[in-house]
Structures are given as structure tokens and as C-alpha cells.
Amino acid sequence: MWPSTSLDRGRPGRATDQLSCVSLRVCVSFITGSYDRTCKVWSSQSGEELHTLEGHKNVVYAIGFNNPYGDKIATGSFDKTCRLWSTETGKCFHTFRGHTAEIVCLTFNPASTLVATGSMDTTARLWGVEDGEEKATLAGHSAEVICANFSTSGDRISTGSFDHTVSVWDTATGKRLHTLIGHRAEISNALFNYDSSLLATASMDQTCKLWDSRTGRNIETLRGHEDEVLDIAFDSTGQHLVSASADGSGRVYNIITRNCLAKLKGHEGEISKVSFNSQGTRILTGSSDRTAKLWDPVTGMCVQTLEGHTDEIFSCAFNYEGDTIITGSKDNTCRLWR
């Protein structure tokens, strides 16, 4: 896998041009959010800029496509608003207003009928994609909400907070179903597995936990990391979980046996992002050591190191087919690898 496109997003010394987030659409395009208050849409094939989405009054910090459809983009900003855009034309459909502090995470539900936003104001909110109306305010955390993820069916959503807890909500009513208490530090991510029977949570307390998503009961605590756990990801079957840590390593767990199957060692800095490809045959990690790595999840061996960035990588992801990777770096560039 080699870099096919490298996009320079700014000029040296221009901190306001710095990239803040990246997201990849199925096959066709990808988006970047920036400190320059814009989101840009790029061609995955040519690397050419297709649209600049302008309108936010502060940093664009969270972005996402409504995959697998890919016809809409959501952008969340430090200006306390979220905007919904057309991927094809760059037109802004709606501006979602209601948060009283910065928006730091967002996601579409699987049916692409709702956008969820999480904010420094301690709430998450659900917004209608078609009518642009607020559908629910998910209030109950006592600190900022830094992650939000829907279940596979979209009937529930999890929110993780710096208050050390995760909440599970009914998306139809906005009612809180469970509060998952047990971590001793801030939450970094919380994800449902494929059949939504389990929730996995990652925390700055150096552990991951598995929970019964229907009852809210803690099933297992996964230990072993020597520093904060910064990210987690399930494979497509939901039977394997990978964790990424500030200790520079990753760990692959069998969810059924809860055993550690492999340890991913080789980075020289913290790993902030991790993901499986759709086939579950490769793991991708992005690190502050300026590299991304591909791993065999069975053996834990590094099969390739993606080098070229000159500053830490803060985001990386596979496309749906698993044959293209995007990396975003604090060097103000993103790269596509094929």
C-alpha cells in the first residue's frame, strides 16, 4: 500500500489552517475539517477539491458522511452549531442550533434520518435530517460529551463523557435507559457491537470494559495497558475488539472468551486511532510517531508501516472496501494510501 494522493491544506505558520478531522466516503470522496472554519470535499480518485463548505464561525471539529449513502455531510463546530450539507452540490440544508458550548462529536444513525451531536455543554442532541428540527435533548451527564454512537438498528445511542460514565438512551423517546458506572477516569469511546448486545467502553483509566447493553451490567474489565486507552473498534462480526493506548500499543481481544489474542507493538508514540477493515483481516493504527501501521489481527505482526507525514497522525480510516486508507496529520496534510 503506497500513498496515491497527498493534500497540503495550508501554509507554514498558519495555525488557523490546521486540519482538525477527516472522514472517508465509500469509494468516491473524503472530507476534511479545519481550524480555518471550513470543511472541504475532495475526490478520492484525483485528490482534487470538489467543494468548500463555508458558514461556520469557528473551528470545524467534527465531521461525518451519512454512510453508506454518502449523499449528506454533517459538520460540528466550536461555534456551537451543526450544519447539514449536500455532498454533491455543497448546499447547506440545515443549521442545527441549540447547544450552548462547542460541538465535539457527531454521527448519523444507520437509516440517515437523525444526526446526533455531543457538546461541551454536557448534553447530546438528536436532530431530524429531513426537517432540521431538534428531536431530543439527552441531558444527564455532568461533564462534556465526547463520543456518541448509535446501535446497529438505531433504536439506541450511547454517549460517553468526561464525567467517567456512559449513558444509553432510547432514540425514539430521548429517555435514558442505563448509566454505566465503573470507570475511574474520562471516557474516550463507547461502541455497540454488531448485534448491539454488548457495549465496549474505553477510558483514560487504562482499561476497557464490556457491558450488557440491555441491562447495563458490567460483564468484564479488560486490563493490560499501561497508559490511557484512547480508542477502540469492533470488527464487523462484533466478536473481536481492538484497543489503542497512549502506551504506544494495541491489544486485540476475543469478546466471547475475553482473552487478549494479540498485542500490537511497534509504534514509538501514543496511538490515538484504531480501526478494522471491513473484512476483519487488517487493523489500522495512527500514532503521534508520525506513522500509521497495518497489522495482522491474528498474529499481532505489523505488515506495513505508512510513512511520510512530518507530524503526528490524529485520524486514520479504511474505506468500506478496505483497499484505501486516509490519514490526517498535524503537519496540515492528509494522505490517501492504496
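The values are calculated or read from the model by the stated rules, or taken from the named source; none is laboratory data. What you see is a predicted model, and the numbers here were worked out from it, not measured in a lab. All Cβ positions, even for glycine, are placed from backbone atoms using ideal geometry, and neighbour counts span all protein chains on display. Side chains are part of the model used for accessible areas, which takes the heavy atoms of the whole protein and leaves out ligands, DNA and RNA. Shrake-Rupley method; radii C 1.70, N 1.55, O 1.52, S 1.80 Å.
What the table shows:
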| read-out | value |
| --- | --- |
| Qualifying residue in region 243-250 (condition: open to solvent by less than 40 Å² (accessible area, probe 1.4 Å) and within 21 Å of Ser158 (Cα to Cα)) | yes |
| Output for region 136-167, where each listed residue is among the hydrophobic types (A, V, I, L, M, F, W, C) and over 12 Å from Thr117 (Cβ atoms) | Ala139, Ala143, Phe150, Phe162, Val166 |
| Subset of region 127-157 [touching a His at 6+ places or on another chain (Cβ under 9 Å) and either under 18 Å from Phe192 (Cβ atoms) or not acidic (Asp, Glu) (or both)] | Trp127, Gly128, Val129, Gly132, Ala143 |
| Thr95 being in a strand (DSSP E or B), hydroxyl-bearing (Ser, Thr, Tyr), over 18 Å from the mean Cα position of the chain (by Cα) and surrounded by fewer than 20 Cβ atoms within 10 Å (Cβ to Cβ) | yes |
| Among (1) among the polar types (S, T, N, Q); (2) surrounded by fewer than 18 Cβ atoms within 10 Å (Cβ to Cβ); (3) within 20 Å of Ala233 (Cα to Cα), the one test that Ser151 misses | (2) |
| Test set (1) within 20 Å of Met204 (Cβ to Cβ); (2) open to solvent by less than 30 Å² (accessible area, probe 1.4 Å); (3) under 19 Å from the mean Cα position of the chain (by Cα) - Leu264 fails condition number | (3) |
| Within region 296-324, considering residues that are open to solvent by 40 Å² or more (accessible area, probe 1.4 Å) and in contact (Cβ under 8 Å) with a residue 60 or more places away in the chain, the one farthest from Val28 (Cα to Cα) | Gln304 |
| In region 293-333, the residues that are under 16 Å from the mean Cα position of the chain (by Cα) and not β-branched (Val, Ile, Thr) | Phe314, Ser315, Cys316, Ala317, Phe318, Asn319, Tyr320, Gly328, Ser329 |
| Residue in region 311-333 that is farther than 18 Å from Ser44 by Cβ, out of contact with any Lys or Arg (no Cβ under 9 Å at 6 or more places or on another chain), acidic (Asp, Glu) and not in a strand (DSSP E or B) present | no |
| Residue satisfying condition, being open to solvent by less than 20 Å² (accessible area, probe 1.4 Å), among the β-branched types (Val, Ile, Thr) and within 23 Å of Leu180 (Cα to Cα), within set Ile219, Ile271, Ile256, Ile232 | Ile232 |
| Per-region count, region 203-215, residues open to solvent by less than 50 Å² (accessible area, probe 1.4 Å) and under 16 Å from Phe150 (Cα atoms) | 3 |
| Filter result for Ser6 (within 21 Å of Arg83 (Cβ to Cβ), touching a Gly at 6+ places or on another chain (Cβ under 9 Å) and either at pLDDT 75 or above or of a type in the set (Gly, Ala, Ser) (or both)) | no |
| Elements of type strands (runs of 3 or more DSSP E) in region 19-81, at least 2 residues being over 18 Å from the mean Cα position of the chain (by Cα) | 39-43, 49-53 |
| Number of positions in region 61-91 that are open to solvent by 30 Å² or more (accessible area, probe 1.4 Å) and either aliphatic (A, V, I, L, M) or at positive phi (or both) | 1 |
| Restricting region 276-289 to residues that are over 15 Å from Trp337 (Cα atoms) and in contact with a strand residue (DSSP E or B) (Cβ under 8 Å, 6 or more places away or on another chain), the residue that is surrounded by the most Cβ atoms within 10 Å (Cβ to Cβ) | Ser287 |
